[in-house]
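Heads up: the structure comes next, in structure tokens.
Coordinate-derived values only; no laboratory data. Model, not experiment: these values are computed from the prediction. A quick note on method: Cβ atoms are made from the backbone with ideal geometry, for glycine too, and the neighbour counts reach across all protein chains shown.
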Amino acid sequence: MRVVKLKKKNLVPFLRKLEEFGEVWGPVKKGDRYVYAHTDPENFDLKALRTIIPPKKFFVPPKFRMFTFKEDEWNEEIDTKKRILFGLHPCDIHGILILDKLFLSNYPDPYYKTRRENTAIIGLSCEPDDKCFCKSTNTHSVEEGFDLALSDIGNEYLVWIGSSLGDDLQKMGEDLIDEDVTEADIKKYIEWRKKRDGMFRTDIDLTAMPDIFEISYNSPIWEKLGEYCLSCGQCSMVCPTCNCYDVEDNYRVGSEIERNRHWDSCMFREYSLVAGGHNFREARSERLKLFYTHKLAGYMSIFGKPACVGCGRCADTCPVGINVPNVAKALKGEKVDAIWAKEVKDAG
Ligand code: SF4
Ligand code: SF4
């Protein structure tokens, strides 16, 4: 992988040049949180740690029209707009790699595939807060899944070129790029990584999780968690790897029909309701068990790693303190600092 350098003062002019490829989106502050916005790069907030909604929304929007049809007319609506997503952190890039496996493997999803092919990804290094645990999920660094990735080494960024598109992008701003990467620059990067790796305050050993889930299938912990869960689905919406959706047909004026797709969540009661009125997961405890089995056991037994990238969004979002670190700790019998912890302890 080729590495070049970019002075920090040249970042905004560089990103402006990339508008030649497509819309440049990046993190901006909204209240005390962050969201992605298409705006002048001057407005991007490089201190943003996690956006409310992860970048999955660019590849699978919360709601979109798939096609319309009327008698023998058929109009598919595939979004081909070119975009650049700037400022993605390693955990979110790993989240996209997980979605790639699900949406592009056996039966490629044309809506996802087209958006993915038309979107360039520019990563940015970051430092963790107390909710980040991407070191535990081994998603705190990236070797693939980006076109360019910027690592902060002081007054400059090291720029890793991860694809031929990335090479084209850096050529668009080549007058701002410095090809001369020195040994001292690499040393600075190695030192920064060591320092960053020592900054994680949340650490969970997830290696034995598939076995722990087997053993804990009938654990009373699930019942207790279910008593607190509100079935609000926020954990699914903010999770970079949650990908369930529903499809519905709507009749429009003139007997045209549109087919729409929108996000769904296994935390919702209706999710497992089938024709005839049977619900496979009527109880909230069952729905929680499904969510967490997917994150920490199911995907792991097929792909060798969890379907959780340690971004901390569930910890940041769940109103009752149900999140990956707390659930993993509770299942291992460790002390949990959450409102349901005392009862879980009593039940165990
Ligand atoms: S389960 Fe939670 S920490 Fe893991 S990727 Fe999803 S939102 Fe992030
Ligand atoms: S676990 Fe938390 S965020 Fe998820 S549905 Fe239950 S209450 Fe909502």
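What to note about this one:
- Across the chain, Cα-Cα distances exceeding 34 Å account for 32% of all pairs.
- Region 189-194 - phi-based ³J(HN,Hα) in whole Hz, Karplus 6.51/-1.76/1.60, Gly and Pro as x: 5, 4, 5, 4, 4, 4
- Stokes-Einstein diffusion for region 39-136, with the hydrodynamic radius set to the Kirkwood value over Cα pairs and evaluated at 4 °C in a medium of 1.567 mPa s, equals 83 µm²/s.
- Pairwise FRET efficiency - Gln234 versus Val12, Cβ, R0 = 41 Å, nearest 0.05: 0.75
- Leading residue at positive end of dipole, the chain (Cβ point charges), from Ala328, His262, Phe44: Ala328
- Of all beta bridges that DSSP places with both ends in the chain, some 75 percent have antiparallel geometry.
- Relative contact order (percent, whole number), region 57-171, Cα cutoff 8 Å, 6+ residue spacing: 24 percent
- With the convex hull of its Cα atoms as the shape, region 1-91 has an orientation-averaged projected area of 8.8 nm².
- For region 247-348, the alpha carbon positions stretch 61, 30, 27 Å along the principal axes, listed from largest to smallest.
- Taken about its Cα centre, the chain carries a charge dipole of roughly 940 debye when the Cβ of each Lys and Arg holds +1 and the Cβ of each Asp and Glu holds -1.
- Unsatisfied cross-links (Cα-Cα over 27 Å) in the set Lys82/Lys295; Lys8/Lys295; Lys30/Lys113; Lys5/Lys195; Lys135/Lys295; Lys30/Lys101: Lys82/Lys295; Lys8/Lys295; Lys30/Lys113; Lys30/Lys101
- Once the Cα gyration tensor of region 2-197 is diagonalised, semi-axes √(5λ) in Å: 31, 19, 16
- Here the Kirkwood formula puts the hydrodynamic radius of region 293-340 at 11.5 Å, using every distinct Cα pair.
- Relative frequency of Cα-Cα separations exceeding 21 Å in region 125-219, percent: 51 percent
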